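The values are calculated or read from the model by the stated rules, or taken from the named source; none is laboratory data. Predicted model, so just to flag it, every value in this text is computed and none were measured. With ideal geometry, Cβ positions are generated from the backbone for all residues, glycine too; neighbour counts draw on all protein chains shown. Accessible surface is based on the protein model in full, side chains and every heavy atom, while ligands, DNA and RNA are left aside. Shrake-Rupley method; radii C 1.70, N 1.55, O 1.52, S 1.80 Å.
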Amino acid sequence: MSESFDCAKCSESLYGRKYIQTDSGPYCVPCYDNTFANTCAECQQLIGHDSRELFYEDRHFHEGCFRCCRCQRSLADEPFTCQDSELLCNDCYCSAFSSQCSACGETVMPGSRKLEYGGQTWHEHCFLCSGCEQPLGSRSFVPDKGAHYCVPCYENKFAPRCARCSKTLTQGGVTYRDQPWHRECLVCTGCQTPLAGQQFTSRDEDPYCVACFGELFAPKCSSCKHPIVGLGGGKYVSFEDRHWHHNCFSCARCSTSLVGQGFVPDGDQVLCQGCSQAGP
């Protein structure tokens, strides 16, 4: 008699049938698959012995079931990412979870160089100055109504310009005749002394320090011969073509102040009423 050759599980004869040998004995194909095959995590069917099986993080898949959950592309030979237990091809992952460049609208791929500002994202090569259109990279920039400018372009486009030299004012500055000036540009027309923070006046729109204005344009006191400058509330007395400082307008003989008093002209001098009546 011939020796029996039966399946280790169902005990049916394996003569003339396909079988699979294991350490625990031979199995017919159905019993082998039911005993040893893994269940596909996608379709929940057994992965037969003759199927290509893929394994990822304690999960088993038929080759045809190992695919992107969004576009259904096979991931058997493709790079992929797992997001919340779902398998995604790189294209779908980037489309769903990566930022879009605010300039070109394309996906900013993970790991690529990017810039973020105000909740927006750019490829490094897409983040350009709105003026010169050069990449801003790590350079300082100034945002303005949705645009971004490098500092030179912003100053050239928006910063006020000095009324004298026409160059931009980046900081400080003073205002003269409702126009901006560099502090170093606002100088006396006569002596070139800086006027910022100093008392000064103007003539024909040109600024002058008090000293130069007095020497060049102010009338001279008939008594002390110094300029009569009306800055700061200074007061003076005029008579015919002659002028006096208030404290210089006094009787030539007794030195009594004649401000608000009657006086008598005597040649180049002025006299109080008493000295005039007293005679020479």
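In the set (1) touching a residue at least 24 places away in the same chain (Cβ under 8 Å); (2) outside any loop (DSSP other than H, G, I, E, B); (3) open to solvent by 50 Å² or more (accessible area, probe 1.4 Å), residue 201 fails one condition alone, (3).
Give the number of residues within the range 183-195 that are in a loop (DSSP other than H, G, I, E, B) and open to solvent by 50 Å² or more (accessible area, probe 1.4 Å).
Kept after step one, since they are in a loop (DSSP other than H, G, I, E, B), are these residues of the range 183-195: 183-186, 188-193, 195.
Then keep just the ones that are open to solvent by 50 Å² or more (accessible area, probe 1.4 Å); that gives 183-184, 189, 191-193.
Number satisfying all stated conditions: 6.
When residue 126 is tested against (1) of a type in the set (A, V, I, L, M, F, W, C); (2) over 30 Å from residue 40 (Cβ atoms); (3) loosely packed, with under 13 Cβ neighbours inside 10 Å, only condition (3) is not met. Of everything listed in (1) assigned to a loop (DSSP other than H, G, I, E, B); (2) open to solvent by less than 80 Å² (accessible area, probe 1.4 Å); (3) within 30 Å of residue 34 (Cβ to Cβ), the single unmet condition for residue 137 is (3). Of all residues in the range 219-258, those that are within 23 Å of residue 193 (Cα to Cα), surrounded by 16 or more Cβ atoms within 10 Å (Cβ to Cβ) and in contact with a helix residue (DSSP H, G or I) (Cβ under 9 Å, 6 or more places away or on another chain) total 3.
For the range 119-134, give me the residue count where each residue is part of a strand (DSSP E or B) and not β-branched (Val, Ile, Thr). Please lay out each step first, then the result.
Of the residues in the range 119-134, the ones part of a strand (DSSP E or B) are 120-123, 128.
Imposing the further condition that a residue be not β-branched (Val, Ile, Thr) reduces the set to 120, 122-123, 128.
Residues flagged as part of a strand (DSSP E or B) and not β-branched (Val, Ile, Thr) within the range 119-134 amount to 4.
Counting only strands (runs of 3 or more DSSP E) that sit wholly inside the range 1-118, those with at least 1 residues that are open to solvent by less than 80 Å² (accessible area, probe 1.4 Å) and over 30 Å from residue 139 (Cβ atoms) are 19-22, 25-28, 53-56, 59-62, 80-83, 86-89.
Just checking, which of 126, 68, 101, 132 is assigned by the TED database to the domain that holds residue 42 and at pLDDT 85 or above? It would help to see each step written out before you state the result.
On the way: 126 fails: assigned by the TED database to the domain that holds residue 42; 101 fails: assigned by the TED database to the domain that holds residue 42; 132 fails: assigned by the TED database to the domain that holds residue 42.
That would be 68, the only listed residue that is assigned by the TED database to the domain that holds residue 42 and at pLDDT 85 or above.
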